[in-house]
Amino acid sequence: MRFDVITLFPEMVLQGASYGVTGKAIAKGLVGLSVWNPRDYTLDKHRTVDDKSYGGGPGMVMKYQPLFDAVCAAQQAYPHQCRKTVCLSPQGKTINQALLKQASDYEQLILVAGRYEGIDERFITAVCDEEWSLGDYVISGGELGALIVIDALTRLQPDVLGDENSAKQDSHSDGLLDYPHFTRPEHLSAGDVPSVLVAGNHAQIDSWRMKQALGRTWLRRPDMLEKKRLNAEQQKLLEEFKTEVDVYK
Ligand code: 9D3
């Protein structure tokens, strides 16, 4: 998979994608990333990328032509068959893991990061296939959205995560919050490591972890639990958790 980001802040995207799992995957060539600055496609001597809004009101609007020519350049540089052009915007569909999983088998994803008050609507309707939002809060532009999409999709590409981690990705605990983690030392003034984890009986550890994952999801994300079908064992563990949970905690 390759990513082409249309952005007025190309360094922000390249820097942000250069760390950790994403950075390694790019360095190894498991995914591709290029940035395209609409300012490089302007035709006037002031390299203008924005203009006043028709109808008035505060804030500038990103012009159609520099964005269009930047997208065309990204398309021509990588003439892939299976391509999607997505605009990051507060008006879009809120992204989640299921949506990203569906997008993960595109060969080329062109991500358009807007700045200013918005983008000329004709670019969104004529050039973009979809609009994606990060959620119901206001940020200053689409670059962080593009980075989140790149990070999440890179983790879904073959050979990016080690065997252990990719197995964990689609395990039985899918759709639940994680269980609590502990490392040495066993005793701190902040508390002790649960004895079941120290004892090392793997069947009991698996069972404890599943109970904790179910219990935390029940307490913190009941919306997630409603969507999930529990097997008999999981129902039993959750009932146990409910009877054990400290109501004053
Ligand atoms: C306060 C300004 N808003 C007036 C109603 C409009 C507005 C314009 C531009 C709000 C945000 C932005 C810039 N945001 C993004 O480009 C963006 C975004 C977001 O703000 N929230 C959630 N997801 C995204 S993805 C891109």
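When segment 119-135 is limited to residues that are within 15 Å of the chain's Cα centre (by Cα) and assigned to a loop (DSSP other than H, G, I, E, B), the one that is farthest from the ligand (Cβ to nearest atom) turns out to be Gly135. With respect to Val13, determine if the residue is open to solvent by less than 40 Å² (accessible area, probe 1.4 Å) and touching a residue at least 12 places away in the same chain (Cβ under 8 Å). Criteria met by Val13. Restricting Lys93, Lys45 to residues that are modelled with pLDDT of 95 or more and more than 16 Å from the ligand (Cβ to nearest atom) narrows the list to Lys45.
Restricting attention to segment 80-108, the residues that are open to solvent by 60 Å² or more (accessible area, probe 1.4 Å) and among the β-branched types (Val, Ile, Thr) total 1.
The values are calculated or read from the model by the stated rules, or taken from the named source; none is laboratory data. Being a predicted model, the structure only gives us computed values, none of them experimental. Here the Cβ is made from the backbone with ideal geometry for all residues, glycine too, and neighbour counts use every protein chain on show. Accessible surface areas use protein heavy atoms only, side chains included; no ligands, DNA or RNA. Shrake-Rupley method; radii C 1.70, N 1.55, O 1.52, S 1.80 Å.
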